[in-house]
Amino acid sequence: PWPGMLQLSKVTPSLLIGNARAACNQDLLTREGVTFCINVTRQQPFPGLQQVRGMRVPVFDDPAEDLYRYFERCSDAIEEAVNSGGKCLVYCKNGRSRSAAICIAYLMRHRKLPLKDAFETVKTARPVAEPNAGFWSQLQRYEEDLQ
């Protein structure tokens, strides 16, 4: 199959990461059983499925953006979706930087993984995952907070 434009990568059985194009493919979301999505962009649309609740994190993929202040809220929202038997999709335009950072923050907070291991987990699921330098230092700060 041709690589990844229309695929959702599984970080954990209940946490998926993808790009905006895949996130708006209703068949794909229905097939994967997605119940909640976190849209980590300012402009990209939501899937438009009634059974999928959504939350927007309005940041650009810019190292100067403050994604840190959303880590806790997003992590807790993912955990809530997972605990209620649902599946959460985190996406941004390319499924590379912003969404990866949110998934990493979640793994650190709720799966108690160190930053390095959380990054490896996301990277294994989605090889293009690469938070920008600014988000990376915010994740380092978050790791210290969680200790």
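The values are calculated or read from the model by the stated rules, or taken from the named source; none is laboratory data. Since this is a predicted model, take the numbers as computed values, not measurements. Reconstructed Cβ throughout: ideal geometry from the backbone, glycine too, with neighbour counts over all protein chains shown.
Some observations on this one:
- Only one entry in V128, V90 is buried (at least 18 other Cβ atoms within 10 Å of the Cβ) and in contact (Cβ under 8 Å) with a residue 40 or more places away in the chain, namely V90.
- Output for segment 122-147, where each listed residue is in a helix (DSSP H, G or I) and in contact with a Ser or Thr (Cβ under 8 Å, 6 or more places away or on another chain): A125, F135
- Test for Y68: is it within 18 Å of L146 (Cβ to Cβ) and either among the hydroxyl-bearing types (S, T, Y) or in contact (Cβ under 8 Å) with a residue 60 or more places away in the chain (or both): yes
- Filter result (within 11 Å of the chain's Cα centre (by Cα) and farther than 22 Å from N25 by Cα) within segment 78-130: A101, I104, A105, Y106, L107
- Every pair of residues 6+ apart whose Cβ atoms lie under 7 Å, when the first sits in segment 40-51 and is within 20 Å of A105 (Cβ to Cβ) and buried (at least 16 other Cβ atoms within 10 Å of the Cβ) while the second is among the hydrophobic types (A, V, I, L, M, F, W, C) and modelled with pLDDT of 95 or more: V40/V57; V40/V59; V40/V90; V40/C92; V40/I102; T41/A20; T41/C92; Q44/A20
- From the options A105, A81, A77, residue that is among the small types (G, A, S), closer than 14 Å to T12 by Cβ, assigned to a helix (DSSP H, G or I) and in contact (Cβ under 8 Å) with a residue 40 or more places away in the chain: A81
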